[in-house]
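Since the structure comes first, as structure tokens, the remarks are kept for the end.
Bear in mind these aren't lab numbers, they're just calculated from the coordinates by the rules spelled out. Source: prediction; values computed, not measured. Reconstructed Cβ throughout: ideal geometry from the backbone, glycine too, with neighbour counts over all protein chains shown.
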């Protein structure tokens, strides 16, 4: 029952840390053994992925702000029309 209480309290050190350390150590070993061409390909791919993700998040945030602005415009238009009918 102690394990369940630790899990509820957010103590994930038993499994997740081991998986992340195995992942990072395998990446380190791959980058040590990979050729320069393979390393450049992976680094370029990572940078391209990061640039695309930043662009997509930026576009999403702009669309979200536009939607919030339209909601405010319709809200104030409706409230003004209810007070001052046309």
> If you take all C-alpha pairs in region 35-86, what percent of them are over 18 Å apart?
Replying inline: 62 percent
> Rounded to the nearest 0.05, what FRET efficiency do residue 56 and residue 78 have when you use their Cβ-Cβ distance and R0 = 30 Å?
Replying inline: 0.35
